[in-house]
There are 2 protein chains.
Amino acid sequence: MNQPLTLGDTFSQAEYRTTGNGPRSVKVLLDALRDVDGDTPSDMYGRGETIEKFERKLADMLGKESAVFFPSGTMAQQIALRIWSDRQGSKAVAYHPLCHLEIHEQDGLKELHHLEPILLADEERLITLEDVKKLPENVACLLLELPQREIGGELPDYAEIEAISAYCREKGIALHLDGARLFEILPYYGKTAEQVCALFDSVYVSFYKGVGGIAGAMLLGDADLAQQSKVWKRRHGGDLISLYPYILSSEHYLDLRLPKMAQYYEEAKELAALYNAQPSVRTRPEVPVSNMFHLHFSGLSAEAAAPVVAGVQADTGIALVAYLKEISDTACATEIAIGDLYEAVPKEKLHEAVELLGKRLSEAQK
Amino acid sequence: MNQPLTLGDTFSQAEYRTTGNGPRSVKVLLDALRDVDGDTPSDMYGRGETIEKFERKLADMLGKESAVFFPSGTMAQQIALRIWSDRQGSKAVAYHPLCHLEIHEQDGLKELHHLEPILLADEERLITLEDVKKLPENVACLLLELPQREIGGELPDYAEIEAISAYCREKGIALHLDGARLFEILPYYGKTAEQVCALFDSVYVSFYKGVGGIAGAMLLGDADLAQQSKVWKRRHGGDLISLYPYILSSEHYLDLRLPKMAQYYEEAKELAALYNAQPSVRTRPEVPVSNMFHLHFSGLSAEAAAPVVAGVQADTGIALVAYLKEISDTACATEIAIGDLYEAVPKEKLHEAVELLGKRLSEAQK
């Protein structure tokens, strides 16, 4: 008796993958260490050249006074908001209802820091200047996530961010950037990281999203914020004696993939257009603004769509979808993020696979 | 003009080192990864064979129901105490005044978890059963650190721990073991890790003290505690997408060094006896009970003693002391921890170096 093929199995066994940079295996670390001298000394509790040089590099790249390396963005962002809260003397902070801090961190911000988030906009759309203008007087900090990952990686017009930034400065509200995917949006805006970050008082960036590192994050801002964040890093248990496995790999993959972000962006637009040509398939955004988008299938539940997609992956050798998330009884979706692997997929085979997917999804709805 | 030789320089440049396992360089990670298959999949947010297998191994070794890997002991122990506090409905926890949570964590326990520690015993001695009996009724958890690092790694008699454990169980006080150096004390007690841990309700062990890994810790206890600790790990920002650099290296060095703990203990006793034969030099404990002890120089400040020790290290090629901590104007101390390197030190040269140190320290006092 054959087990039905799962999405995950057919995705990982396919000859070509349309998304990502490849499996998250130990090879990712080995590759990053290949050219590192074994005598390179460890960082020691946040000190030493291994960590300080990388912090300086990011501070310069993003145009901020100081940078502090963190094991995770969860830790870095809670701490950033806590520091703004303490400085402004208010527990009120504002962010989107689908902010990482609201839905993926087991309420650490509330349980550990007792901050009181105000949710702006709604689960279907981005935060606008109009939303920000309705904030109460006492808000310490507004967090903007660019791109807004949970709605497919949408972005506001650049002028909207500039207007929000100007308004926050006028009102004395600290503006924090959740830049987990900052490098991924620069080609769309046609701006440098420094230009975007100049609109914000503090910035977090991640090294394992588009960058494809192992883990790790950087928090950037003024020198006082950096110094205070180190105290909180120690309190959180993140001031490890050695963070170099993450630091060295973060730097390696940042150097490797920063120059490729424009290519990923173009490829995301190309792939999204292929999907949007199929019935029952649409992408959000319709035209991607970074390397990512969400892929929505209508007319089928995740349970009904999964074997269809798995069959296409098994029959064509092209991995399209790693998992499906239920939206409703007749809708499901997945996240697509373009990385190194897309360019190796033969275009003709890709077109065939996407067309076959469209055809079989339509048939399955009947 | 010659710069005076520093302690640190002469320590790291000496031909032989009496302490530790060698420099904390990237080589430590490379060695650990040498035999790891590059296709080994990453752990993913605390799941997957890479992390679960190691957690199971430690749970079995220490005789606890469940184990959870943490990036740091700081995170693991705050969380353990928070869970006991929530379970018992009391913010009162008890530990030694030189507990890691009290002096090395920027008050994370208080700032993040709002726990209220009661300090038992004093900075000069271990916690006794008599101290524990004076605790108020409402104490949620007592933390015992074995060995008590900040006073040289002293240990209570095993019967005293058994009595404290029995008392805590009778009174409903959770007993938590700070076992950062648990493996190091087993030869002295002549007990297995499981026997020691059976006296405690929860246990933390570290993988970068005597074990000599890169970073990482394990928290062990009942299955509920493990499950709750994972929620808090996420809140602290410690539930990284990938912890495998620490997991793989922790397992590698644990396997390598667990069988050597008895040897380190014997060597620590040998070295301490050499030091204690010198005037103005004494060790605490006088006879070590693990691989560690503190080395005290009397009659000289750290500033006065440092060039004397540096000179001995430069002249003999034997590294004895990496740093000196000021105790008073006429006393200073350092921590000694025996590791892999001690056995390679030629005994005759070692005796000469220690005798020369004793002689020069006496001369310097005149």
Per-residue Cβ contact counts at 10 Å, fewest first, order A:Glu267, B:Glu116, B:Glu130 as B:Glu130, B:Glu116, A:Glu267
As a quick test, which of the pairs B:Lys325/B:Lys366; B:Lys64/B:Lys191; A:Lys325/A:Lys349 have an alpha carbon distance above 19 angstrom in this structure?
B:Lys325/B:Lys366; A:Lys325/A:Lys349
All-pairs alpha carbon distance profile, chain A, 10 Å steps from 0, percent:
5, 23, 30, 24, 14, 3, 0
What's the average, rounded to a whole number, of partner chain beta-carbon atoms within 10 Å of each residue's beta-carbon in A:67-77?
3
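Ignore the peptide's own chain and count Cβ atoms of other chains within 10 Å of each Cβ in B:100-108; give me the average, rounded.
Numbers: counts 0, 0, 0, 0, 3, 5, 8, 3, 9.
Partner-chain Cβ atoms within 10 Å, mean over residues of B:100-108: 3.
Dipole of the range B:136-178, Cα-centred, from +1 at each Lys and Arg C-beta and -1 at each Asp and Glu C-beta, to the nearest 20 debye?
On the way: 3 positive and 9 negative charges, 35 e Å.
Dipole about the Cα centre, nearest 20: 160 debye.
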Rounded to whole Hz and in sequence order, give me ³J(HN,Hα) for the range A:293-303 from the Karplus expression 6.51 cos²θ - 1.76 cosθ + 1.60, θ = phi - 60°, writing x for Gly and Pro.
7, 9, 10, 10, 10, 9, x, 9, 6, 4, 5
For the range B:168-175, what does the Karplus curve 6.51 cos²θ - 1.76 cosθ + 1.60, with θ = phi - 60°, yield as ³J(HN,Hα) per residue in whole Hz, taken in order and with x for Gly and Pro?
4, 5, 4, 8, x, 8, 5, 10
Gain in span if fully extended, B:Asp9 to B:Asp86, counting 0.36 nm per residue against the direct Cα distance:
22.9 nm
Using alpha-carbon positions, the gyration tensor of the protein assembly as shown gives root eigenvalues a ≥ b ≥ c; with a/c under 1.5 called rounded, otherwise prolate if a/b exceeds b/c, else oblate, the class is prolate
If amide H atoms are modeled at 1.01 Å from N in the peptide plane, then the residues at a separation of 5 or more from B:Ala92, or on another chain, having amide H under 5 Å from its own are B:Glu116, B:Ala140
If each label sits 7 angstrom from Cα along the C-beta direction, how far apart, in nm, is A:Gly317 from its counterparts in the other copies?
6.2
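Sort A:Ile127, B:Ile103, B:Ile241 by Cβ crowding within 10 Å, fewest neighbours at the top.
Ascending number of Cβ neighbours within 10 Å: B:Ile103, B:Ile241, A:Ile127.
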Measuring label to label, 7 Å along Cα→Cβ, what does B:Asp340 give against each other copy in nm, shortest first?
3.0
Could you work out which residue, out of A:Ser66, A:Ser90, A:Ser25, moves most in a Gaussian network model of chain A, that is, has the largest mean-square fluctuation with Cα springs under 10 Å?
A:Ser25
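Evaluate the range A:252-366: find the radius of gyration of its Cα atoms, find its Kirkwood radius, and give the ratio Rg to Rh. Kindly include the intermediate steps, with their values, before the conclusion.
Values: Rg = 14.2 Å, Rh = 14.5 Å.
Expressed as Rg/Rh, it is 0.98.
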Closest approach to the axis - chain A beta-carbon, rotation onto B, Å
A:Pro245, 2
Given the C-alpha atoms of the range A:43-241, compute the convex hull and give its volume per residue in Å³.
109
Grab every C-alpha pair in the range B:1-132, bin the distances at 5 angstrom width from 0 up to the longest one, and report whole percents.
2, 7, 10, 11, 13, 15, 13, 12, 10, 5, 2, 1, 0, 0
I need to check one value: relative contact order of chain B, counting alpha carbon pairs closer than 8 Å and at least 6 residues apart, in percent.
25
Taking the Cα centre of each part, how many Å lie between the range A:218-244 and the range A:39-87?
6
Run the dipole for the protein assembly as shown about the Cα centre, Lys and Arg Cβ at +1, Asp and Glu Cβ at -1, nothing else charged, and hand back the magnitude in debye, nearest 20.
80
Roughly what % antiparallel, to the nearest 5, for the DSSP beta bridges in the range B:43-241?
40
Taking the label point 7 Å from Cα along the Cα-Cβ vector, the copy-to-copy distances for A:Asp329, listed from shortest in nm with one decimal, are 8.7
How much FRET efficiency would the formula 1/(1 + (r/R0)^6) give for A:Asp224 and A:His351, where r is the Cβ-Cβ distance and R0 is 60 Å, rounded to 0.05?
0.65
Only Lys, Arg, Asp and Glu count, each charged at its Cβ (+1, +1, -1, -1), so figure out the dipole size of chain A about its Cα centre, rounded to 20 debye.
280
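Throughout, read-outs are computed from the coordinates displayed, never taken from laboratory work. Treat the numbers as computed from the prediction; the structure is a model and nothing was measured. Every residue, glycine among them, receives a Cβ derived from its backbone with ideal geometry; neighbour counts consider all protein chains shown.
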